[in-house]
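Rule-based calculations on the coordinates, nothing more; no lab input. Here the structure is a predicted model, which is why all the values come from computation and not from measurement. Virtual Cβ from ideal backbone geometry, glycine too; neighbours counted across all protein chains shown.
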Amino acid sequence: MRLVEALRGAEQDRPPVWLMRQAGRYLPEYRALRQRVGGFLELCYDPKLACEVTMQPIRRFGMDAAILFSDILVVPDALGQGVAFRDGEGPVLDAIDGGGVDGLTEAGMVNRLAPVLETVERVRGELASEVALIGFAGAPWTVATYMVEGGSSKDFAAIKTWAFKDPDGFSRLIDLLARVTADYLIALIRSGVNVVQLFDTWAGVLPAWAFERWVVAPTRQIVDRVRATAPDIPIIGFPRGAGVSLVRFADGTGVDGVGLDSAVPLDWARDTLQSKVAVQGNLDPMMLVAGGDAMLDSARDILRTLGGGGLVFNLGHGVVPATPPEHVAALVSFVQDWRG
Ligand code: CP3
């Protein structure tokens, strides 16, 4: 599989391409199916429909990898913290504080995600053998932001106040999430995923010492535990917004690949990161909305600068709903026709 080879550092005629949020609202076939099902989480827990949604972008565009259709918030849901997705509002959770950690039901957590594991088996059965299946989880810090803020946040006031005032108490939540996330990724691998990715969307909002303690350290614990069971499965970490701390992330976590957001300079990534890890990224998602020569020129820059080393072509963040599907088709063909 081209994605697995790239993450192992093998030389290939061209890099693999897939896109974060490649399944979703920009696709009319997703919107049609989503309308028939009640809620977003119901869709995530319906193996037949979640499999169908996972396959939609592969059928249309032929990316080199499929990403399991699910969400990072199925983990707090399975821990017993209520999660609701209301249309146009994003996720809503009953926020927890220090006292709430003991109320989370760690035991049996993976069993409650059995429908997601069934989706993995179905998708792996339908995918062509050369197309990799990516399983994922949110990294502990990012999942904790939703659990403590009760949803999306702009300033992370509640979680930072707790973490900065009582770091040892807060670490109990991070440690619990690191344990269950490792268990969950191992279960996904046993069910058939070929690569795993940890999404740390909010890694970039922390001071350096806190990045070390709540991003690097728990990611290292998860990597070590997954490797002990599944040494051959490549692991991608995506600490969005980490900037120069990407170097510390690559050195300190042991991941095989590092996701780059769109602000990371390509020559810096080549000179500083690519000797240590494969890199994944980083076309700006709005370039995919813009399309045309602007999009292809940016894609060519990425391929020319980073294509000589380990590279997984992707966006710097997820596909946005306003994206024209024809632009996705043009981008995927462009990368797949490229020869370094
Ligand atoms: O990439 C894929 O195609 C696989 C599926 C996937 C989803 N969410 C589906 C989804 C993945 C990998 C995620 C990860 C995720 N979820 C992250 C990390 C990556 C990132 O985007 O930063 C985060 C922070 C979440 C939490 C989440 N889920 C939010 C904040 C929202 C609401 C915002 C939004 O875009 O609607 C979701 C909902 C969600 N997750 C949708 C999809 C397709 C939209 C739900 C719908 O159909 O209404």
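Points worth noting:
- Set against the 2.2 N^0.38 Å expectation for a compact globular protein, region 253-334 has a Cα radius of gyration ratio of 1.08.
- Nonlocal amide H pairs with Asp200, under 5 Å, H built at 1.01 Å: Ala139, Phe238, Arg240
- For Gly291, net neighbour charge (Lys/Arg +1, Asp/Glu -1) across residues whose Cβ lies under 13 Å away: -4
- Compactness of region 102-164 - radius of gyration and Dmax, Cα, Å: 16.8, 48
- Distance between region 49-126 and region 1-41 - C-alpha centres, whole angstrom: 15
- Under conditions of 10 °C and 1.306 mPa s, region 270-309 yields 145 µm² s⁻¹ as its translational diffusion coefficient, taking Rh as the Kirkwood radius over Cα pairs in the Stokes-Einstein equation.
- Paramagnetic reach from Asp271 in region 289-331 [backbone N under 15 Å; point 7 Å along Cα→Cβ]: 305-306
- More than 15 angstrom apart: percent of Cα pairs within region 52-125: 65
- Per the Debye formula on identical point scatterers at the alpha carbon atoms of region 157-235, with no solvent, log10 I(q)/I(0) at q = 0.12 Å⁻¹ is -0.38.
- Placing +1 on the Cβ of every Lys and Arg and -1 on the Cβ of every Asp and Glu, with no other charges, gives region 205-309 a dipole of roughly 360 debye about its Cα centre.
- Simple point charges give the picture: +1 on the Cβ of Lys and Arg, -1 on the Cβ of Asp and Glu, and for region 128-219 a dipole about the Cα centre of about 100 debye.
- Diffusion constant of region 241-280 at 10 °C, which comes from Stokes-Einstein with the Kirkwood Cα-pair radius and 1.306 mPa s, µm²/s: 160
- Gyration tensor verdict on region 219-290 (Cα atoms; rounded if a/c is under 1.5, prolate if a/b is larger than b/c, oblate otherwise): prolate
- Positive contributions from Lys and Arg (+1) and negative ones from Asp and Glu (-1), summed over other residues with Cβ under 12 Å from the Cβ of Gly80, come out at -3.
- For Val312, the amide hydrogen comes within under 5 Å of the amide hydrogens of Val279, Gln280, Gly281, counting only partners 5 or more places away or on other chains and with H modelled in the peptide plane.
- Theoretical ellipticity at 222 nm over the chain - DSSP helices of four or more residues, -39500 (n - 2.57) apiece, nearest 500: -14500 deg cm²/dmol
- Karplus-derived 3J(HN,Hα), 6.51/-1.76/1.60, for each residue of region 60-67, Hz, glycine and proline x: 6, 10, x, 4, 7, 8, 9, 10
- Karplus 3J(HN,Hα) series, Hz, for region 179-187 with 6.51 cos²θ - 1.76 cosθ + 1.60 (x for Gly, Pro): 5, 5, 5, 4, 4, 5, 5, 5, 5
- For the chain, a Kirkwood radius taken over Cα pairs fed into Stokes-Einstein (25 °C, viscosity 0.890 mPa s) yields D = 122 µm²/s.
- Rotationally averaged projected area of region 12-74 (alpha carbon convex hull; nm²): 4.8
- Debye log10 I(q)/I(0) at q = 0.14, 0.21 Å⁻¹ for region 65-213, Cα point scatterers: -0.69, -1.34
- For Gly151, the amide hydrogen comes within under 5 Å of the amide hydrogens of Leu93, counting only partners 5 or more places away or on other chains and with H modelled in the peptide plane.
- Taking every DSSP beta bridge that has both ends in the chain, the antiparallel portion is near 15%.
- Residue-wise HN-Hα coupling along region 216-224, computed from phi with Karplus coefficients 6.51, -1.76, 1.60 (Hz; x: Gly, Pro): 5, 4, x, 5, 4, 4, 5, 4, 4
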